[in-house]
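One structure is given below, encoded as C-alpha cells.
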Amino acid sequence: MAIQWLRCGHPVYIVSSWWRSLAACIMLHHLLLQTVKTQQSAGQPHLLLYDLDDGKDVEKAVNDLSQAASEGSLYVIADEVVSYYFKTLCDKLLTQVPHLHLWGASCLHRDAPAGWQVEYLTRPLRSPPAVVRQVQKDKVITEFRRVQPYTERGVSDHTDGPPVRRLYHRGRGHSGDRPVDCVTCGREVASFLHSLRVGVTENVTTSSTRDGTAPPCLQWRDVLVLYFWRNVSDDSGVVKGLKEAGIPVRVMEDDDTEDVATARSDVVWVAHGDRVYGLERKVVVCLDDVYVDVNVRLHCMSRCTSQLVMVSPDDKLLSI
C-alpha cells in the first residue's frame, strides 16, 4: 500500500508506536527508500518514532502528523502495533485530518480501533510447514486466543522445509543453568551452522560471476540467535562458544537496531526476541525452553523462514 501511495506522489509516514515496533518500521522505511530510488517515485517515505506504550507521546504524534497533512490528506503506515494508546492516536487523527489514509498491522487481533475495517491474514506463507507446526502450538494462539489461529495455506507445499534441529543443554561439558550460560551449547550451535556451510564460498566458473567466486547460499546475516529468558552479553557462555568456533557474532544493543533491521553487517546477531518483531531470517536459533516463556514460539520461532534450531535445557522437547 505504501508503494502505491508513493507512486501517486504522496509522502508516506511510517510510524513506530513503541520500542518493539522499531526494527520492523526501520526495515520498512529502508525498503521504501530503495523502491523510491529504483522506481523514481514522486513521493518520499518518512520514519517517525514514538513511544505510545504509556501514552506520553500521543499528543506529540497527533500534532506531528496533523501538521504533516497536505491539503487535508495524510498517508500513514504503522507496523507491529500493540498499544491501547494507538487507538487514541487513530481516533484523534480522524478528528483533525479530513482525508486520513492509515494502514496498521499487528499479530494481536484485539488492538484495532473501534469502527475501523479489519482483515485477518492467517495463511502461513512466510515459514515452511515444519516451522508453522511449532509456532501454532503457542499458548497465545491455542489458549489465550490473542492471536488468530492459522488457516489452510491455500497453495501447494513444495517441501516440508528442513527438519527442525534440536540441541540439548545436558551431558558432559555443559555448564550453567540455561543454554545461554553454556559455552558447549555455543560450540554445538556453531558446529551446526558450519554444517549448513554458512558463509562458505566455492570457486566456480560461471558467466554470472566476474571473479570466479559464487556468493554463498547462506550468509552469516541470514542467522538470528534469539533468547527471552535471560539477558545475554559478550560474556555469556553461548556467545563465547560461538566466537571460539569462528562464528562472527554480535550481541544486539539499542544502537544496533538499524543494522539488524537492514541486515547491513554480515554477522550472526544474538538478540532478545522482543527486539526483532517483524524481521525474518532463514536460520533462527531459539535458546529458551518453550515451557518457560510462551512468547518463544510466537516471537522467536515465527521469525524463521527455513531452518529452525531449538536448544532445550533438558529432555522436555523430546515429546514435542
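Brief remarks follow.
- Qualifying residue in segment 79-88 (condition: part of a helix (DSSP H, G or I), open to solvent by less than 30 Å² (accessible area, probe 1.4 Å), of a type outside the set (V, I, T) and modelled with pLDDT under 95): yes
- Boolean, G241 is more than 19 Å from H299 (Cα to Cα), open to solvent by 10 Å² or more (accessible area, probe 1.4 Å) and either out of contact with any Phe, Trp or Tyr (no Cβ under 9 Å at 6 or more places or on another chain) or assigned to a strand (DSSP E or B) (or both): no
- Residue pairs whose Cβ atoms lie under 7 Å apart, sitting 6 or more positions apart in sequence or on different chains, and linking a residue in segment 60-78 that is closer than 12 Å to L48 by Cβ to a partner that is part of a helix (DSSP H, G or I) and of a type in the set (D, E, K, R), are V62/K92.
- Being at pLDDT below 95 and surrounded by fewer than 17 Cβ atoms within 10 Å (Cβ to Cβ) holds for only one residue in D255, D235, D274, and it is D274.
Residue-by-condition table, conditions (1) outside any helix (DSSP H, G or I); (2) modelled with pLDDT under 90; (3) open to solvent by less than 30 Å² (accessible area, probe 1.4 Å):
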{"residue": "A261", "(1), (2), (3)": "no, no, yes"}
{"residue": "K282", "(1), (2), (3)": "yes, no, no"}
{"residue": "S302", "(1), (2), (3)": "no, no, yes"}
{"residue": "S306", "(1), (2), (3)": "yes, no, no"}
{"residue": "D314", "(1), (2), (3)": "yes, yes, no"}
{"residue": "L317", "(1), (2), (3)": "no, yes, yes"}
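- Listed by position, the helices (runs of 4 or more DSSP H) inside segment 118-197 whose residues that are farther than 19 Å from V223 by Cβ number at least 3 are 129-135, 139-142.
- Note on segment 1-17: residues that are open to solvent by 20 Å² or more (accessible area, probe 1.4 Å) and either in contact with a Ser or Thr (Cβ under 8 Å, 6 or more places away or on another chain) or in a loop (DSSP other than H, G, I, E, B) (or both) amount to 7.
For every residue, the table says whether it meets (1) out of contact with any Gly (no Cβ under 7 Å at 6 or more places or on another chain); (2) under 15 Å from W103 (Cα atoms).
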residue	(1), (2)
Q34	yes, no
Q39	yes, no
G43	no, no
D51	yes, no
Y75	yes, yes
D79	no, yes
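- Residues of segment 22-51 that are hydroxyl-bearing (S, T, Y) and open to solvent by 60 Å² or more (accessible area, probe 1.4 Å): T38 alone.
- For beta carbons closer than 6 Å, sequence separation of 6+ or different chains, a first residue in segment 145-159 that is among the aromatic types (F, W, Y) and a second that is part of a loop (DSSP other than H, G, I, E, B), the qualifying pairs are Y150/T122; Y150/P124; Y150/Q136.
- Candidate set: segment 107-125, residues that are modelled with pLDDT under 90 and charged (D, E, K, R); chosen: the one surrounded by the fewest Cβ atoms within 10 Å (Cβ to Cβ): R110
The values are calculated or read from the model by the stated rules, or taken from the named source; none is laboratory data. Keep in mind that this is a model prediction, so the values were computed, not measured. Note that each Cβ is placed from the backbone with ideal geometry, even for glycine, and that neighbours are counted across all protein chains shown. Surface accessibility is based on the protein's heavy atoms, side chains included, excluding ligands, DNA and RNA. Shrake-Rupley method; radii C 1.70, N 1.55, O 1.52, S 1.80 Å.
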